[in-house]
Every structure is written in structure tokens, then in C-alpha cells.
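Asker: Below is a structure I'd like to ask you about.
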């Protein structure tokens, strides 16, 4: 769409945009994007590139699986199934694959292995960065947070004091319900899914791991987690757990605390 058509459609121009920016800057409650230092930007670059390799690896694995399915050769989902089954398929002379097709599949398998190697090397660099960062090591003590999630949080959030409280940080990550409230009636919907998709995904996956472990050993599980599992389905419980984790992370970063699994907040005690 030409530039003038976009302006005609939205009713804005550069002058109006500049005026709106100046208006926003002058408001006392305006929140700004946190500034990251060079070290944080480098850590985030490792995460982004590793995630890109993983997406490419997944797409390539699906491509290999689809090509083999056209010849009646079915491989279950999962990267490890392809790595285990492909050598057997390439060496099997009875599966009627032509020589050019075998060469093509061998090329794709080699590329898949290279992507896997690159992702693993970047993950090792991220873990090394995590071990050398005090804040990242502190977050690893929280259930559901490992080196990848901890390093991504420290590098992305920057100064947690930019958020007034833990709920603001959870809302920034898109882990709080959307609201359509009017006339004194509160209507809560699903989570907003705003903010950083990568961080939100890591937190929810970590919460799922915690809940899965909780279901396996109910005798030692936290009462809040057990009650959550009894009231809600697995997906809702995982998001609620991720929301709580985000609030804990804010408290650890903004108030310079250490994680205490036995800690009880003042409001909860009251």
C-alpha cells in the first residue's frame, strides 16, 4: 500500500505522530521500554538465534517426515525418531527409494544434524552466561525456572523496579486475564498474551513441568499447587502457576531477595 494511502486510511501523518509522542512523553504515568546494557543484548541475541535454529530444525524435520510419507515410510513425531530411523531407511534396499531420493534425504539429514549441533552449542553458551550471572543463578532456585528461562528473564526484564509490583510484570508478560468490565460488572476472559511470547512460553512450559512433577508425588507437593490442580484443568493451572512464578521473579529482582519456598506474604498470612 502506498504511503499516502496508509495515511488516508489511518488518518495520521508524521506531524500527528510526532505530536502524539510528545503528548505521551509528558504524561507522568507513562512507562518506557527498559534500557538494556551490552551484556543483556548479547545474551538475548544468543536466545533469539538459538530459537531460530530450533524453528528451522522443526520445519526441516516435518519436511523430511512429509517426504517419506509420500513413499509410504512413516516416522513418528519427534526429532529423536528421525535421527534413529533415517540411517535405517537410507540403507534399506527394499523400500524402493531411488538413488537421487536417497541422496536428497541424506542431504536433509546432514542439515538437520548441523542445525541440532548449532542449537546445542548456543545453549551451552547461554548456560555459561547464566553461571556467571548472579541474578540469573538466583532465579534458577524458583521451581519451573532453569538456566534458559532464568537467563532470558534477567536479560529481557532489565531493571525489575520499572514495574510497580509483580502483577504489572505478569501483565507485561501477558499472563493476566483480559477484562471486559462495564457498569460495575467485572468480566474476566483468557490471558491477554501480550508482551514477550518467548518468555511467556518458557514460563508456561516450566509451570507444566512443575505440575507434572506434583501429580507424580502428591505427598510432598505444595498445598497451593495441589489445590490448583483440584480446581482447574491442566492448561489453566499451568498459566496460573506461570503467573505466580512471574510475580516471584519480580520480588527477587526488585527487592534483592533470595527465594524461600516457605515464605508467606503478609496479605496471605492475614
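The values are calculated or read from the model by the stated rules, or taken from the named source; none is laboratory data. All of these numbers come straight from a predicted model, not from anything done at the bench. Methodologically, a virtual Cβ is constructed for each residue, glycine included, from the backbone with ideal geometry; neighbour enumeration extends over all protein chains shown.
Asker: Quickly run through the range 90-102 and pick out the residues that are surrounded by fewer than 11 Cβ atoms within 10 Å (Cβ to Cβ) and free of Cβ contacts under 8 Å to residues at least 24 places away in the same chain. Before the answer, list the steps.
Answerer: Our first condition is that a residue be surrounded by fewer than 11 Cβ atoms within 10 Å (Cβ to Cβ); within the range 90-102, this holds for 91, 93-94, 96, 98-100.
Those that are surrounded by fewer than 11 Cβ atoms within 10 Å (Cβ to Cβ) and free of Cβ contacts under 8 Å to residues at least 24 places away in the same chain: 91, 93, 94, 98, 99, 100.
Asker: Among residues belonging to the range 157-167 that are surrounded by fewer than 16 Cβ atoms within 10 Å (Cβ to Cβ) and part of a helix (DSSP H, G or I), point out the one that is modelled with the highest pLDDT.
Answerer: It comes out as 167.
Asker: Shifting gears a bit: Can you find a residue that is part of a helix (DSSP H, G or I) and surrounded by fewer than 12 Cβ atoms within 10 Å (Cβ to Cβ) anywhere in the range 71-79?
Answerer: Taking every residue of the range 71-79 in turn, none turns out to be part of a helix (DSSP H, G or I) and surrounded by fewer than 12 Cβ atoms within 10 Å (Cβ to Cβ).
Asker: Right, here's the next one. Do we have any residue at all in the range 31-38 that's in contact (Cβ under 8 Å) with a residue 60 or more places away in the chain and surrounded by 13 or more Cβ atoms within 10 Å (Cβ to Cβ)?
Answerer: yes
Asker: Follow-up. Could you list, in sequence order, the residues of the range 128-156 that are buried (at least 17 other Cβ atoms within 10 Å of the Cβ), outside any loop (DSSP other than H, G, I, E, B) and more than 15 Å from the chain's Cα centre (by Cα)?
Answerer: 129, 130, 135, 136, 138, 139
Asker: Would you kindly identify the helices (runs of 4 or more DSSP H) lying entirely within the range 196-263 that contain at least 1 residues that are modelled with pLDDT of 90 or more, buried (at least 18 other Cβ atoms within 10 Å of the Cβ) and on the phi < 0 side of the Ramachandran plot?
Answerer: Fully inside the range 196-263 and qualifying: 197-216, 234-254.
Asker: In the range 171-195, what residues are at pLDDT 85 or above and within 13 Å of the chain's Cα centre (by Cα)?
Answerer: Once the filter is applied, which keeps residues that are at pLDDT 85 or above and within 13 Å of the chain's Cα centre (by Cα), the range 171-195 yields 173, 174, 175.
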